[in-house]
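All remarks here apply to the structure that follows.
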Ligand code: SME
């Protein structure tokens, strides 16, 4: 499946759904099984001010709690910016939930009211696995899927 097919599949599967966890679980499943470089795919949810907790994911177990002050996920939540880290060893505050992770892409997720719901974290055991095309592809998909989520 190419990116357009995956987008269409995600949009079709999530149409009309507003439950955040149901949406996250579906997005994770579709991305994890279709992205050739994704070895861990999951969401961290904003559960309190400056605090992320693990949400739906696929792959080995992940860290349960990440403050906004820590790691790539925390930095993406704190700054509201997409972070594409080609080499996690070069990111000063990377949290090594899995020793095999070499690169990652983290995208903040908002609803249409501008509420930060969490971050999507794609991790790969391959260095520089995620491309700028992955970023530009996923940003509008996430915006559409989570527009009406709370
Ligand atoms: N790599 C992330 C932590 C989460 S996991 O690897 C599942 C980070 O540094 O934010």
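The values are calculated or read from the model by the stated rules, or taken from the named source; none is laboratory data. As the structure is a computational prediction, the values presented were derived from the model and not from experiment. Backbone-built Cβ (ideal geometry, glycine too); neighbour counts: all protein chains shown.
You will find that of 9, 15, the residue that is in contact with a helix residue (DSSP H, G or I) (Cβ under 7 Å, 6 or more places away or on another chain) and without any contact (Cβ under 8 Å) to a residue 60 or more places away in the chain is 9 and no other.
Looking at the structure I just gave you, is residue 75 touching a strand residue (DSSP E or B) at 6+ places or on another chain (Cβ under 9 Å) and modelled with pLDDT of 95 or more?
Values: touching a strand residue (DSSP E or B) at 6+ places or on another chain (Cβ under 9 Å): yes; modelled with pLDDT of 95 or more: yes.
Taking the combined requirement at face value, the residue satisfies it.
Scanning the stretch 30-46 for residues that are farther than 23 Å from residue 127 by Cβ and either within 15 Å of the ligand (Cβ to nearest atom) or within 12 Å of the chain's Cα centre (by Cα) (or both) yields 43, 45, 46. In summary, residue 14 fulfils each of the numbered conditions (1) surrounded by 18 or more Cβ atoms within 10 Å (Cβ to Cβ); (2) under 15 Å from the mean Cα position of the chain (by Cα) with the single exception of condition (2). Filtered by the rule that a residue be away from the ligand (no atom under 11 Å from the Cβ) and within 16 Å of residue 43 (Cβ to Cβ), the stretch 62-79 gives no residues.
If you go through the stretch 108-129 and keep only what is crowded, with 23+ Cβ neighbours inside 10 Å and closer than 25 Å to residue 149 by Cβ, you end up with 109, 118, 119, 120, 121, 122, 123.
Which count do you get for residues in the stretch 64-91 that are more than 21 Å from residue 126 (Cβ to Cβ) and either surrounded by fewer than 18 Cβ atoms within 10 Å (Cβ to Cβ) or touching a residue at least 60 places away in the same chain (Cβ under 8 Å) (or both)?
At the first step, the residues of the stretch 64-91 found to be more than 21 Å from residue 126 (Cβ to Cβ) are 64-70, 74-75, 77-81.
Right, trim to either surrounded by fewer than 18 Cβ atoms within 10 Å (Cβ to Cβ) or touching a residue at least 60 places away in the same chain (Cβ under 8 Å) (or both) and you get 64-65, 67, 69-70, 78-81.
Summing the residues that are more than 21 Å from residue 126 (Cβ to Cβ) and either surrounded by fewer than 18 Cβ atoms within 10 Å (Cβ to Cβ) or touching a residue at least 60 places away in the same chain (Cβ under 8 Å) (or both) in the stretch 64-91 gives 9.
For the stretch 80-96, a residue qualifies if it is assigned to a loop (DSSP other than H, G, I, E, B) and either within 8 Å of the ligand (Cβ to nearest atom) or at pLDDT below 95 (or both), and the qualifying residues are 91, 92, 93, 94, 95, 96.
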